[in-house]
1. Just checking, how many residues over the range 94-126 are of a type in the set (S, T, N, Q) and closer than 20 Å to Tyr357 by Cβ?
2. Any chance you could count how many residues in the range 226-273 are more than 19 Å from Leu384 (Cβ to Cβ) and among the polar types (S, T, N, Q)?
3. Any chance the range 62-78 includes a residue that's surrounded by 13 or more Cβ atoms within 10 Å (Cβ to Cβ), touching a Gly at 6+ places or on another chain (Cβ under 8 Å), within 28 Å of Ala349 (Cβ to Cβ) and not small (Gly, Ala, Ser)?
4. Working only within the range 13-25, note down all residues that are buried (at least 21 other Cβ atoms within 10 Å of the Cβ) and either of a type in the set (A, V, I, L, M) or closer than 15 Å to Gly74 by Cβ (or both).
5. Working carefully through the options Leu346, Leu370, find the one that is hydrophobic (A, V, I, L, M, F, W, C), more than 18 Å from the chain's Cα centre (by Cα) and under 22 Å from Glu36 (Cβ atoms).
6. Scan the range 35-61 for residues that are surrounded by fewer than 21 Cβ atoms within 10 Å (Cβ to Cβ) and under 27 Å from Val93 (Cβ atoms) and report the count.
7. How many residues, within the range 37-66, are within 24 Å of the chain's Cα centre (by Cα) and within 18 Å of Ser112 (Cα to Cα)?
8. Please enumerate the residues belonging to the range 224-269 that are surrounded by fewer than 17 Cβ atoms within 10 Å (Cβ to Cβ) and within 22 Å of Glu377 (Cα to Cα).
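The values are calculated or read from the model by the stated rules, or taken from the named source; none is laboratory data. Fair warning: this is a prediction, and the values are worked out from it, not measured in the lab. Here the Cβ is made from the backbone with ideal geometry for all residues, glycine too, and neighbour counts use every protein chain on show.
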Amino acid sequence: MSLSTLPLSYCTNVHPGRSIAEVEHGLDKYTVHVRENFGAPLAAGLWLAQSVVKELLALPDRLPRFAEGLSERGFTCHTLNAFPFGDFHSERVKENVHVPDWAQPERLDYTSHCATVLAALMPDGTEGSISTLPLGFKLCEHADNFFDRAIGQLIDLARRLDELYDETGKLIRLAIEPEPFGLIETTGEVLSFFERLWQRAEDQAAAEVVQRCLGLCYDVCHQAVEFEDVAESIQALDRGGVRINKVHITCALQLDHPAENAEGRKALARYVEPRYLHQTLARAASGEILRAVDLTEQLALHPELDFLEADVWRVHFHVPVDADHLGPLGTTRSQLKQALTAVAQLSYAPHLEVETYTWEILPDGNATNLIDGLTRELQATQSLLESL
């Protein structure tokens with residue numbers, strides 16, 4: 001068994017965090033109480049927006065004070081979520097969460113600064129991880145040389161992470177996170193991209209740095225939405241030499257037999273909302289995968305015939321990981337055990353983090369039950385890990 005012995009974390013992107021003060025407010029209002037209810041050590045899985053990182057590094061005393069505050073609250077930190085660059089709680093995020101993409105220097109600088117911050121927060125003797133977007137969004141326009149530019153910047157980041165290790169003794173790895181409609185979304189695309197990335201390394205030393213510092217964030221919800229066999233996916237990545245540096249413990253919505261399930265489609269329509277992108281994929285009886293970039297009321301209530309007659313839909317809407325069903329809708333919770341069982345067979349231990357950032361927008365959900373909800377998720381995850 002190679003499951004991480006570090007404390008579980010939940011990702012604080014569920015809280016607003018446009019400033020240091022907002023991040024600390026979320027820790028005090030929610031995370032401290034979640035840990036008390038959880039009854040076990042809890043790490044702080046921080047989302048630090050670009051504005052927060054800039055604030056932390058603006059004056060020499062700010063980052064040490066922030067690190068001291070984490071320690072005083074009883075938290076360690078070994079992973080950051082650097083996928084959302086800006087305000088992840090604005091009225092409309094949708095595809096803009098992929099901006100800036102990995103061809104833009106702002107993305108490289110932000111991620112590099114996140115590594116500087118994480119090195120100051122990590123306990124000695126641990127390794128760190130930073131999750132990031134899957135390069136960009138497929139439906140955005142990209143220059144012909146996009147991948148070459150993105151790969152060049154990723155190699156630059158790997159060198160910076162290697163230099164940071166030499167300076168601090170803290171090894172931090174990047175974790176690229178595939179997502180439906182991302183430029184990297186399927187296991188096959190991951191393997192192809194990393195082959196291309198490794199080929200660009202100029203010499204053996206550079207190749208070793210890239211191999212050591214660049215890997216994957218495996219979000220179970222995302223690969224379940226793709227209708228991938230998550231256990232086989234993880235095994236294929238391992239065979240292909242792609243290191244999983246972080247696992248997001250997540251569940252998607254599932255609608256079975258939509259043609260016969262008007263109640264389920266009506267329930268699904270209540271999950272339509274304006275903030276986040278909810279990519280919706282359907283598997284037909286033939287095995288063909290149908291794709292819609294976002295969940296809409298039209299899709300839920302009046303789908304085209306091919307979607308209506310599909311066997312099952314899966315929707316990129318992160319739902320509580322302790323739930324097998326939400327009313328007439330199912331979830332992909334069964335995929336979690338398959339994924340974590342496969343992760344346990346790896347020769348190394350990725351970081352494990354619950355990432356349900358949608359509590360505020362769940363139908364009938366609100367912040368007043370957030371502490372209880374996050375506690376249930378962590379307790380259910382701990383039980384699942386102990387059962388493996």
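1. Our first condition is that a residue be of a type in the set (S, T, N, Q); within the range 94-126, this holds for 96, 104, 111-112, 116, 126.
If we keep only those that are closer than 20 Å to Tyr357 by Cβ too, we end up with 96, 111.
Going through the range 94-126 one residue at a time, the tally reaches 2.
2. 3
3. yes
4. Matches in the range 13-25: Val14, Val23.
5. On the way: Leu346 fails: under 22 Å from Glu36 (Cβ atoms).
Checking each option against the conditions leaves just Leu370.
6. 5
7. Looking only at that region, the number is 12.
8. none
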